[in-house]
Amino acid sequence: MSNSTTVTEAVMSRRSIRAFSDKPVPLSVIQQVMETARWTPSGCNFQPWEGAILTGEPLRQLQEKMKVTPPQDPKEYSWSDPEVIPECKARLQQVGADMYTAMSIDRGDKAARGDFMAQNIVSFGAPAVLMVYFPRVMGAPQWSDVGMWLQTIMLLLREQGLDSCPQEFLSLYAKLIKEFVGVSDESHIFFCGIAIGYRDEEDPVNAFDRKREPLESKVQFLGFE
Amino acid sequence: MNVTEAVNSRRSVRSYQDKPVDRAILRRVLETAQRSPSGGNTQPWNAVMLTGEPLQKLLDKVAEVIPQGLAAYSPEYNIYPPELDGVYQERRFGIGEAMYAALDIPREDKASRLKWFARNFQAFGAPVLMLVHTPRYMGPPQWSDIGMWLQTVMLLLREEGLDSCAQEAWAVYTKQIRECVDIPDDHIFFCGLAIGWGERSDAVNSFPVPRAPLDEAVRWEGF
């Protein structure tokens with residue numbers, strides 16, 4: 001990927017990367033990405049997104065704290081409400097099954113699955129992590145704006161040869177993360193982390209086939225020739 | 001077109017050329033956009049693409065009720081949080097004032113401003129309108145997934161030379177939309193996306209759009 005990366009190439013080559021190389025990410029590259037991502041649209045131009053980008057020692061310190069802290073209760077928010085719906089549950093189980101099959105982890109091997117889930121805490125070895133939060137007052141449409149910003153960042157990262165993985169998992173440590181980066185728990189909700197780095201090209205967890213619904217089940221066309 | 005060019009050249013375009021958009025182009029864009037990420041691979045987005053006769057029917061139906069003003073509104077969610085203030089109100093008014101300044105419509109000229117606002121409901125003359133909906137059981141994180149998908153669509157449209165305008169304004173006429181297109185009752189209608197070839201030299205499409213400096217949104221640790 002390079003500065004000639006088309007949008008289509010960026011969309012098609014982006015995937016959630018769950019094994020990163022230890023190659024560091026230059027500050028100037030991420031700065032450029034974040035500067036450009038300011039041009040993401042938002043309803044009423046609210047630009048509701050906020051974040052902290054951590055690398056090096058501060059990131060390591062935060063991860064050490066998370067390792068010895070139980071997931072918070074109550075949760076910051078529920079990311080899995082739709083999982084009770086059969087079609088959503090089926091999609092989640094499919095992606096999980098495909099991923100663990102690629103990693104040669106048996107369905108019944110709970111210990112191995114648990115170990116892999118715990119890799120979320122260290123963002124799968126990514127050298128940098130964007131922690132995403134915003135004012136609690138924001139409603140569902142503003143969450144959509146934040147999503148637009150996140151996808152803009154992930155596509156711009158592809159242009160720089162970088163990879164990412166959005167991690168709602170990190171919201172299990174929302175209070176801890178906010179305290180660490182100095183953001184008010186009262187005023188702000190923590191949404192997710194974005195792991196940022198270069199993909200490990202060899203690891204099978206980055207290479208399994210990902211499913212999507214056929215377009216016909218998502219979009220109707222009316223009035224076209 | 002690279003990603004940076006697409007991000008930088010995307011803007012909410014509010015006047016369009018009278019030129020149709022091929023279904024094949026839109027299919028290509030939407031097929032690629034299916035690769036947008038979503039938590040648990042939920043893929044919560046759904047859409048109806050309207051052009052020609054069915055689009056005109058919707059515009060006509062809404063035009064009939066516009067004179068009723070707020071009495072005809074039927075949004076199914078709050079487009080913006082009622083209690084927002086401070087910097088967010090400044091940003092909201094800032095973009096409105098920038099647009100009306102480009103159009104030479106002063107604050108006092110309420111009639112002209114209202115007339116301009118009503119152009120939302122002609123999709124600003126765009127030949128295609130995409131209507132976005134999602135199951136009601138989806139929570140805020142899934143709305144974020146829909147946002148990722150929407151931005152993917154808007155950037156891919158740029159790559160095709162097309163322009164767009166995301167329009168939450170359509171939410172106020174959800175009732176009329178439901179009368180014209182088949183959106184399941186257990187789905188919520190979110191927004192429209194006007195799609196077409198922009199009149200890029202028009203004043204409304206070329207005024208500078210403000211954005212907050214990066215330091216207001218992002219902090220750095222350990223670099």
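Every read-out reported here was derived from the displayed coordinates using simple, explicitly stated rules and does not represent laboratory data. In this text, all values refer to a predicted model and were calculated from it rather than measured experimentally. Cβ atoms come from the backbone with ideal geometry, glycine included; neighbour counts cover every protein chain shown.
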- Message: How far apart, in nanometres, would the label points at B:TYR137 and B:GLU216 be if each is projected 7 angstrom from Cα along the Cα-to-Cβ direction?
- Response: 4.0 nm
- Item | Full-stretch length increase - A:ASP185, A:ASP115 - with 0.36 nm per residue and alpha-carbon distance subtracted | 22.3 nm
- Task: Only Cα pairs under 8 Å and at least 6 apart count here; give the relative contact order of chain A as a rounded whole percent.
- Result: 39 percent
- Enter the mean number of other protein chain beta carbons within 10 Å of the beta carbon of each residue in A:155-167, as an integer. 3
- Task: Work out the FRET efficiency for B:GLN56 and A:SER217 from their Cβ-Cβ distance, taking R0 = 35 Å, and round it to the nearest 0.05.
- Result: 0.85
- Query: In nm, to one decimal, how far is the B:ASP104 label point from the B:ASP186 one, both placed 7 Å along Cα→Cβ?
  - Reply: 5.5 nm
- Message: If I take R0 = 41 Å and measure r between the Cβ atoms of A:THR101 and B:VAL209 in this structure, what FRET efficiency does the formula 1/(1 + (r/R0)^6) give, to the nearest 0.05?
- Response: 0.30
- Item | Ratio Rg/Rh, restricted to the range A:1-114 and using Cα atoms, in which Rh is the Kirkwood radius | 0.99
- Message: Please compute the average number of Cβ atoms from other chains found within 10 Å of each residue's Cβ in peptide A:205-214.
- Response: 2
- Treat each spin label as a single point 7 Å out from the Cα along the C-beta direction, and report the B:GLU179 to B:ILE25 distance in nm. 3.2 nm
- Under 27 Å Cα to Cα from B:LYS175, which lysines show up? Leave out anything in the same chain fewer than 8 places away. A:LYS218, B:LYS57, B:LYS61, B:LYS110, B:LYS115
- Query: Over the range B:3-207, what is the relative contact order in whole percent, taking alpha-carbon pairs under 8 Å and six or more residues apart?
  - Reply: 44 percent
- Karplus-derived 3J(HN,Hα), 6.51/-1.76/1.60, for each residue of the range B:37-45, Hz, glycine and proline x: x, 7, x, x, 6, 5, 6, x, 6
- List the extent of the Cα atoms of the protein assembly as shown along each of their three principal axes, largest first, rounded to whole Å. 63, 44, 42
- Note on the structure: Here the alpha-carbon Rg of the range B:3-207 over 2.2 N^0.38 Å rounds to 1.02
- Note on the structure: Taking a label point 7 Å from the Cα of A:ALA90 along Cα-to-Cβ, the residues of the range A:96-121 whose backbone nitrogen sits under 19 Å from it are A:96-99
- How large is the helix-only mean residue ellipticity at 222 nm for the protein assembly as shown, computed as the sum of -39500 (n - 2.57) over DSSP H runs with n ≥ 4, divided by its residue count, in deg cm²/dmol to the nearest 500? -11500 deg cm²/dmol
- Item | Burial ranking of peptide ranges B:126-137, A:111-122, B:11-22 (average Cβ count within 10 Å, highest at the top) | B:126-137, B:11-22, A:111-122
